[in-house]
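The structure appears right after this line, and notes come after that.
Where a number appears in this text, it was derived from the coordinates with a stated rule and is not lab data. The model shown is predicted, which means the values in this text are computed figures rather than measured ones. Cβ atoms come from the backbone with ideal geometry, glycine included; neighbour counts cover every protein chain shown.
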């Protein structure tokens, strides 16, 4: 059962919107390799605003994701692509309908 989630808001630097979108699209492959991340969505919220929503069965899965390759790649590229540091919100899931 999905109990925990993260919502990460990303604001692209001017002119870097396409690169942020490509970065997030590439992240799907990494997310598919994470056994503790059953839900992962990359989102475009506006012309330069992006987000990632991911959900986990337990806190250990959420923590593994925060320490995993996607977070490391984001940290390595944030100063080049983003206008400000990512906003990371920890969320408790009250109900979920997911495939599987």
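Taken as Cα centroids, region 2-36 and region 53-90 sit 8 Å apart, rounded to the nearest whole angstrom. With R₀ set to 25 Å, the beta-carbon distance separating residue 96 from residue 76 gives a calculated FRET efficiency near 0.20. Protection proxy ranking of 42-51, 56-65, 90-99, by the mean of other Cβ atoms within 10 Å over each peptide's residues and highest first, is 56-65, 42-51, 90-99.
Helix-only arithmetic for the chain: the sum of -39500 (n - 2.57) across DSSP H runs with n ≥ 4, divided by the residue total, places the mean residue ellipticity at 222 nm at -11500 deg cm²/dmol. To the nearest 0.05, what FRET efficiency results for residue 22 and residue 1 with a Förster distance of 30 Å applied to their C-beta separation? Efficiency, rounded to the nearest 0.05: 0.35. Compute the angle between helix 17-32 and the longest alpha-carbon principal axis of the chain, please, reported from 0 to 90 degrees and rounded to the nearest 10. Compared with the principal axis, the helix lies near 30 degrees. If you work out Rg and Dmax of the Cα atoms in Å from the coordinates, which of [x] 27.3, 94; [y] 13.2, 40; [z] 17.7, 52 do you get? Answer label, from the structure shown: [y]. Annotation: extensible slack from residue 85 through residue 30 equals 17.7 nm (criterion: 0.36 nm per residue apart, minus Cα-Cα distance).
In degrees from 0 to 90, rounded to the nearest 10, what is the angle of the helix 69-81 Cα long axis to the longest principal axis of the chain? Once rounded, one gets 20 degrees.
In the chain, Cα pairs under 8 Å separated by at least six residues give a relative contact order of 46 percent.
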